[in-house]
Amino acid sequence: MTTTASRGSVAVTAAAASSAEALREGIAEFYNETSGLWDEIWGDHMHHGFYDPDSSVQLSDSGHREAQIRMIEESLRFAGVTEEKKIKRVVDVGCGIGGSSRYIASKFGAECIGITLSPVQAKRANDLATAQSLSHKVSFQVADALDQPFEDGISDLVWSMESGEHMPDKAKFVKELVRVTAPGGRIIIVTWCHRNLSPGEEALQPWEQNLLDRICKTFYLPAWCSTTDYVELLQSLSLQDIKYADWSENVAPFWPAVIRTALTWKGLVSLLRSGMKSIKGALTMPLMIEGYKKGVIKFGIITCQKPL
């Protein structure tokens with residue numbers, strides 16, 4: 001006989017599965033619609049740039065794109081990944097249109113496999129790889145980061161550049177990153193986080209949570225976590241050489257630059273042509289700036305090594 005409790009558990013499980021599926025579909029649709037606009041205005045790299053703190057220099061568009069390349073380089077440097085490490089295979093989790101994979105493949109001569117929920121992104125990434133004569137080194141496919149279509153331990157480097165914020169189950173996300181990493185391999189997670197809670201705090205302040213909730217609605221984000229939460233997850237899995245840093249000051253000029261770009265004639269025309277999701281994204285950008293300025297949003301890098 002089925003008890004009320006067990007029926008309730010089944011209902012909760014079904015509701016959670018439905019919610020997760022709706023989130024996946026929302027993320028895919030968001031990037032299907034908005035990636036073309038980003039590609040047209042900003043190019044290959046769908047992530048923040050890395051700047052010197054308190055820099056007052058007004059950069060050109062090319063300067064901001066150089067800052068995006070610097071973000072890749074600084075992330076590799078922080079994790080201790082160099083040409084001497086002989087990286088042979090990389091899994092790029094949440095690859096966007098493949099900018100990081102193509103850059104890393106060119107730098108290390110490594111084979112890179114990228115995954116994304118967006119068919120539009122995967123096709124564009126593969127097309128760019130062909131155009132840049134890199135299709136023998138990089139490939140991209142539609143897949144879920146929480147259920148990756150790879151065997152255990154296939155990658156020397158698992159790279160997640162600003163995709164962790166989309167993951168509804170952070171523990172499962174981290175476990176998948178660890179699973180596909182080869183023994184001795186390196187994991188790099190660069191992601192949006194909320195601030196670390198102070199001793200005695202059990203949650204963010206209501207106004208802080210409200211700010212994040214408004215951002216979540218536009219960018220299809222589940223609940224946020226802190227850098228400390230990621231570190232504790234990695235520690236629970238016995239990962240080694242765990243390091244983390246707050247790069248919020250280093251990315252501060254980025255969102256204002258994106259807004260300035262959107263307010264140009266080319267940006268406005270492209271924005272209107274791209275569709276309502278892109279327009280809502282543009283209107284939400286000031287909330288990201290507010291979040292950084294008030295210390296609610298943190299830009300974190302976390303890296304570790306899988307034991308041999």
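Entry remark, region 228-276: residues being over 30 Å from residue 33 (Cα atoms), among the β-branched types (Val, Ile, Thr) and touching a strand residue (DSSP E or B) at 6+ places or on another chain (Cβ under 6 Å) number 2 in total. Within region 227-240, residues that are more than 11 Å from residue 305 (Cβ to Cβ) and of a type outside the set (Gly, Ala, Ser) reach partners that are assigned to a loop (DSSP other than H, G, I, E, B) and open to solvent by 60 Å² or more (accessible area, probe 1.4 Å) with beta carbons closer than 6 Å, at six or more positions or on different chains, in the pairs 228/196. A single entry from 40, 25 fulfils the requirement of being open to solvent by 70 Å² or more (accessible area, probe 1.4 Å), under 22 Å from the mean Cα position of the chain (by Cα) and modelled with pLDDT under 90: 40. In summary, residue 304 fulfils each of the numbered conditions (1) in contact with a helix residue (DSSP H, G or I) (Cβ under 9 Å, 6 or more places away or on another chain); (2) open to solvent by less than 20 Å² (accessible area, probe 1.4 Å); (3) within 28 Å of residue 28 (Cα to Cα) with the single exception of condition (3). The condition (being of a type in the set (A, V, I, L, M, F, W, C) and within 15 Å of residue 165 (Cβ to Cβ)) is satisfied by just one residue among 197, 212: 212. Residues in region 102-121 that are open to solvent by less than 10 Å² (accessible area, probe 1.4 Å) and among the aliphatic types (A, V, I, L, M) were compared, and the one that is nearest to residue 26 (Cα to Cα) is 115. Pairs meeting the criteria (first residue in region 78-89 and farther than 15 Å from residue 304 by Cα, second residue open to solvent by 40 Å² or more (accessible area, probe 1.4 Å) and modelled with pLDDT of 90 or more, beta carbons under 6 Å, at least 6 apart or on different chains) are 87/156; 88/156; 89/111; 89/156.
Among the conditions (1) under 19 Å from residue 166 (Cα atoms); (2) surrounded by fewer than 20 Cβ atoms within 10 Å (Cβ to Cβ), residue 245 misses just one, which is (1). For the residues 168, 253, 183, 199, the requirement of being without any contact (Cβ under 8 Å) to a residue 40 or more places away in the chain and either open to solvent by 50 Å² or more (accessible area, probe 1.4 Å) or over 14 Å from the mean Cα position of the chain (by Cα) (or both) singles out 199. Taking residues in region 97-119 that are on the phi > 0 side of the Ramachandran plot, and partners anywhere that are open to solvent by less than 40 Å² (accessible area, probe 1.4 Å) and assigned to a helix (DSSP H, G or I), the pairs with Cβ atoms closer than 7 Å and at least 6 places apart or on different chains are 98/125; 98/128; 98/129.
The values are calculated or read from the model by the stated rules, or taken from the named source; none is laboratory data. Treat the numbers as computed from the prediction; the structure is a model and nothing was measured. Positions of Cβ are backbone-derived with ideal geometry, glycine not excepted, and every protein chain shown enters the neighbour counts. Remember, those area values only see protein heavy atoms, side chains included, never the ligands or the DNA or RNA. Shrake-Rupley method; radii C 1.70, N 1.55, O 1.52, S 1.80 Å.
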